[in-house]
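Undergrad: One structure is given below, represented as structure tokens, and several questions about it will come after.
The values are calculated or read from the model by the stated rules, or taken from the named source; none is laboratory data. All values reported here derive from a predicted model rather than from experimental measurement. Cβ: placed from backbone, ideal geometry, glycine included. Neighbour counts: every protein chain shown. We work out accessible area using only protein heavy atoms, side chains counted, and drop any ligands, DNA or RNA first. Shrake-Rupley method; radii C 1.70, N 1.55, O 1.52, S 1.80 Å.
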Amino acid sequence: MNPAGESAPRSKYDWIRVSREAPPKRTASQRVLDYNEIYAVYDERTAQEQASRCIQCPNALCAQACPLSNRIPEWLALAAEGRFVEASRLSNKTSNMPEICSRVCPQERLCEGACILNCRTDPVSIGAIERFINEYAFSHNPETIVPAASNGLRAAVVGSGPASMACADELAKLGYQVTMFESLALPGGLLVNGIPSFKLEKPVVARRMRILAERGVELKLGVTVGRDIPLGEVARTHDAVFLGHGAQKAKGAGVPGEDLPGVEQALPFLIEKNAGPGIVASVEVNVQGRSVAVLGGGDTAMDCLRTALRAGARSATCLYRRDFSNMPGSRKEYYNALEEGAEFKFLTNPTEVVAGTGGAASGVRCVRMELGAPDASGRSKPIAVPGSEYVVPADVVIVAYGFDPIAFPSDSDFNRIKTNEWGGIVVDRDQMTSLPKVYAGGDSVRGPSLVVHAVRDGRRAAMAIHRKLSAAA
Ligand SMILES: Cc1cc2nc3c(=O)[nH]c(=O)nc-3n(C[C@H](O)[C@H](O)[C@H](O)COP(=O)(O)OP(=O)(O)OC[C@H]3O[C@@H](n4cnc5c(N)ncnc54)[C@H](O)[C@@H]3O)c2cc1C
Ligand code: SF4
């Protein structure tokens, strides 16, 4: 801005003049004292300046790399002109929760990773600007939500995570009477009972749930479809059903000693330390003053390290069998974990949890690895170095090896749905399952994935449901 407070005319070369600036971040020593979000939002001037760094490519690679095909250059142009509310409205056209995705997306692998500026300098801070414009709109010009006129059709969504939230939102906007069934006492899926508050505070999710309620979505908490109410009955009483029940069955460590006292699973640990209101923890894990080893290199592992440090652990060490460049976790969260005091041992494969004199875990036997030729996933295959075993001392061992879909009881009518070899629901291009009227998306189809992918699936299913039912009308 010039001294008179007017915006300078935009130039294609603003990125030379304006460096990328991250939003303000609390210091590591402050943030390990609580579970609150670590980033603040930009101020208006910085948001405008940062948005002006976009060169407005005609064939925007960022939008192609965004799973929602967000109209990024268009809302960046509006933000650069200070038209924040319009920018937010536009971002809501392609996303059902831009203020959430902007907080949790691994942008370096998605939109920002594809930004053309990476060839010369740092990418546009797309995520931080997306968060700013939406928080700005919530606080300066909140939309008045009125339920859409009814189209006389009923839809059910199973689960209340991002896949079901997106599907319910789209269908409600089209006039469907939507019922959302959720097993737990708190809606939001892993957004509230998985992802810790230091990445995504729970009131941010509750605000989206309120919007769904204002659109007329009826929420039935504490109801497990397939146990409390058969899927067949839900399908009989609704015109379409969407399954967004996730994949939360933890993978075991698969090594001797994994059942020793002191070995814990990631999700119950995260929930215990950072549960949403109404959720009763299933475990009690004391890490105060103790050394914690976390097995795995994904986002969940990173969250466990940072949670352990907030819960008073003396040390928190990640044991991961590949190297840094092959680690699946977000780079941003890796650096945040490092700043907060987490340690990382790469090319280190846990082979046994070792018991101490009292019979509880006292360490993790590991073997050093080196990287060989790429495997089927395209990543280099780690190979054990003979004779390189050593023990990493640990009082608490947290297993963060990922999740599989939860198997349904053998008498459940869910078992009629076609699944693949690891239990994921098989769907077609419209997210339709092998059962008529039943659609699915998110982690129940993909296995552990990303919030933005769940949103994409929920939206795609809603569009397919509407196409099918409109054609039949
Ligand atoms: C610790 C952790 C950290 C993560 N961090 C990130 C991150 O930073 N960024 C990111 O993009 N992704 C992250 N993810 C992944 C992301 O949270 C998931 O991909 C996403 O939440 C999947 O959404 P979903 O709607 O498919 O299922 P979920 O969010 O798992 O929601 C499923 C819901 O269905 C309910 N349910 C299950 N069965 C039934 C039933 N039979 N009847 C009724 N309700 C049922 C469950 O209680 C749950 O509330 C993380 C995951 C974990 C575990
Ligand atoms: S949804 Fe995720 S990938 Fe898409 S623009 Fe937002 S932060 Fe980037």
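Undergrad: Starting from the 7 Å offset along Cα-to-Cβ, what nm value, one decimal, do you get for the label separation of Lys173 and Asp430?
TA: Each label point is offset 7 Å from its Cα along the Cβ direction, giving 2.0 nm.
Undergrad: Let me make sure I get this right: for the stretch 1-133, a, b and c are the square roots of the gyration tensor eigenvalues over alpha carbons, sorted descending. Under 1.5 in a/c it's rounded, otherwise prolate if a/b > b/c, else oblate. Which is it?
TA: Since a/c stays below 1.5, the shape of the stretch 1-133 is classed as rounded.
Undergrad: Assuming R0 = 41 Å, can you tell me the calculated FRET efficiency for the pair Arg314 and Gln64, based on Cβ-Cβ distance, to the nearest 0.05?
TA: Once rounded, the FRET efficiency stands at 0.35.
Undergrad: Per 0.36 nm of contour for each residue apart, how much would the distance between Glu389 and Asp411 grow if the chain were fully extended, relative to their Cα-Cα spacing?
TA: 3.3 nm
Undergrad: Rounded, prolate or oblate: pick one for the stretch 252-401, where a ≥ b ≥ c are the square roots of the eigenvalues of its C-alpha gyration tensor, a/c under 1.5 means rounded, and failing that, prolate if a/b is larger than b/c, else oblate.
TA: Verdict is oblate for the stretch 252-401.
Undergrad: Could you size up the charge dipole of the chain around its Cα centre, putting +1 on the beta carbon of Lys and Arg and -1 on that of Asp and Glu, and report it in debye to the nearest 20?
TA: My answer is approximately 780 debye.
Undergrad: Loop only per DSSP, at most 11 neighbouring Cβ atoms within 10 Å: give me the trypsin sites (Lys or Arg not before Pro) in the stretch 348-393, ordered by residue number.
TA: Here no loop site has a sparse enough neighbourhood.
Undergrad: Which of the trypsin sites (Lys or Arg not before Pro) found in the stretch 263-329 are in a DSSP loop and have at most 16 neighbouring Cβ atoms, other than their own, within 10 Å?
TA: Qualifying residues, ordered by number: Arg314.
Undergrad: Would you please state the base-10 log of I(q)/I(0) at q = 0.10 1/Å for the chain, with intensities from the Debye formula using one equal scatterer on every alpha carbon?
TA: -0.81
Undergrad: Report the one residue of Ile229, Ser19, Val367 whose Cα lies farthest in the direction of the positive end of the charge dipole of the chain (charges on C-beta: Lys and Arg +1, Asp and Glu -1; origin at the Cα centre).
TA: Among Ile229, Ser19, Val367, the one farthest towards the positive end of the dipole of the chain is Ser19.
Undergrad: How about Lys251: which aspartates and glutamates have a C-alpha closer than 18 Å to its C-alpha, ignoring those fewer than 8 places off in the same chain?
TA: List returned: Asp259, Glu264, Asp299, Asp303, Glu352, Asp404, Glu421, Asp443.
Undergrad: Each residue of the stretch 308-320 in turn: what ³J(HN,Hα) in whole Hz from Karplus with 6.51, -1.76, 1.60 and θ = phi - 60°, glycine and Pro shown as x?
TA: My calculation for the stretch 308-320 gives 4, 5, 5, 8, x, 4, 5, 8, 9, 10, 8, 10, 9 Hz in order.
Undergrad: Calculate the FRET efficiency for Arg207 and Asp259 from the Cβ-Cβ distance with a Förster distance of 45 Å, rounded to the nearest 0.05.
TA: 0.65
Undergrad: Out of residues 5 or more away from Ile398 or on other chains, whose amide H comes under 5 Å of its own, with H placed 1.01 Å from N in the peptide plane?
TA: Long-range HN contacts for Ile398: Glu264, Ala293, Val294, Leu295.
Undergrad: Which value, in Å², gives the accessible area per residue of the stretch 252-401 when a 1.4 Å probe is used on the protein heavy atoms?
TA: Averaged over the residues of the stretch 252-401, the accessible area is 42 Å².
Undergrad: Still on this structure, please answer the following. Would you please name the chymotrypsin sites (Phe, Trp or Tyr not before Pro) within the stretch 370-473 that are DSSP coil residues with at most 10 other C-beta atoms within 10 Å of their C-beta?
TA: Trp422
Undergrad: With the full set of protein chains in place, find how many percent of the accessible area of the stretch 252-401 is carbon and sulfur; take the probe as 1.4 Å.
TA: 51 percent
Undergrad: Test of understanding: what is the full-extension gain from His140 to Ala373, defined as 0.36 nm times their sequence separation minus their Cα-Cα distance?
TA: 78.5 nm
Undergrad: Work out the charge dipole of the chain with +1 on the Cβ of Lys and Arg and -1 on the Cβ of Asp and Glu about the Cα centre, then indicate which of Ile55, Gln288, His466 is farthest towards its positive end.
TA: Ile55
Undergrad: Let me ask you something else. For Arg236 and Asp122, calculate 0.36 nm times their separation in residues minus their Cα-Cα distance, and state this gained length in nm to one decimal.
TA: Extra length from Arg236 to Asp122 when fully extended: 35.7 nm.
Undergrad: To continue, here is another question. What does DSSP give for the chain in terms of the percent of beta bridges that are antiparallel, rounded to the nearest 5? Before the final figure, lay out each step's value.
TA: On the way: 20 of 52 bridges.
DSSP beta bridges in the chain are roughly 40 percent antiparallel.
Undergrad: Could I ask something else about it? Ordered by packing density, taken as the mean number of other Cβ atoms within 10 Å over each peptide's residues, highest first, how do 162-171, 119-128 rank? Write down the numbers at each step before the final one.
TA: Numbers: 162-171: 31.0, 119-128: 19.0.
Result, highest mean first: 162-171, 119-128.
Undergrad: Roughly what % of Cα-Cα distances in the stretch 9-57 sit above 13 Å, to the whole percent? Present the calculation step by step, with values, prior to reporting the outcome.
TA: Values: 732 of 1176 pairs.
Tail of the P(r) past 13 Å holds 62 percent of the pairs.
Undergrad: Tell me what the chain gives for mean residue ellipticity at 222 nm when only DSSP H runs of n ≥ 4 count, each as -39,500 (n - 2.57), the sum divided by the residue total, rounded to 500 deg cm²/dmol.
TA: That calculation yields -9500 deg cm²/dmol at 222 nm.
Undergrad: Return the long-range amide H neighbours of Leu219 (sequence gap of 5 or more, or a different chain), with a cut-off of under 5 Å between placed amide H atoms.
TA: Met180
Undergrad: HN-Hα J couplings of the stretch 457-473 from phi, Karplus 6.51/-1.76/1.60, θ = phi - 60°, integer Hz, Gly and Pro as x?
TA: Once θ is set to phi - 60°, the couplings for the stretch 457-473 become 5, x, 5, 4, 5, 4, 5, 5, 4, 5, 4, 5, 6, 5, 5, 6, 6 Hz.
Undergrad: For a protection proxy built on the mean count of beta-carbon atoms within 10 angstrom, sort 429-435, 11-17, 456-462 highest first, please.
TA: On the way: 429-435: 17.6, 11-17: 13.1, 456-462: 26.6.
Going from most to least packed, we get 456-462, 429-435, 11-17.
Undergrad: So, one more: Along the positive direction of the dipole of the chain (beta-carbon charges: Lys, Arg +1; Asp, Glu -1; about the Cα centre), which of Gly358, Val178, Gly329 reaches farthest?
TA: Value: Val178.
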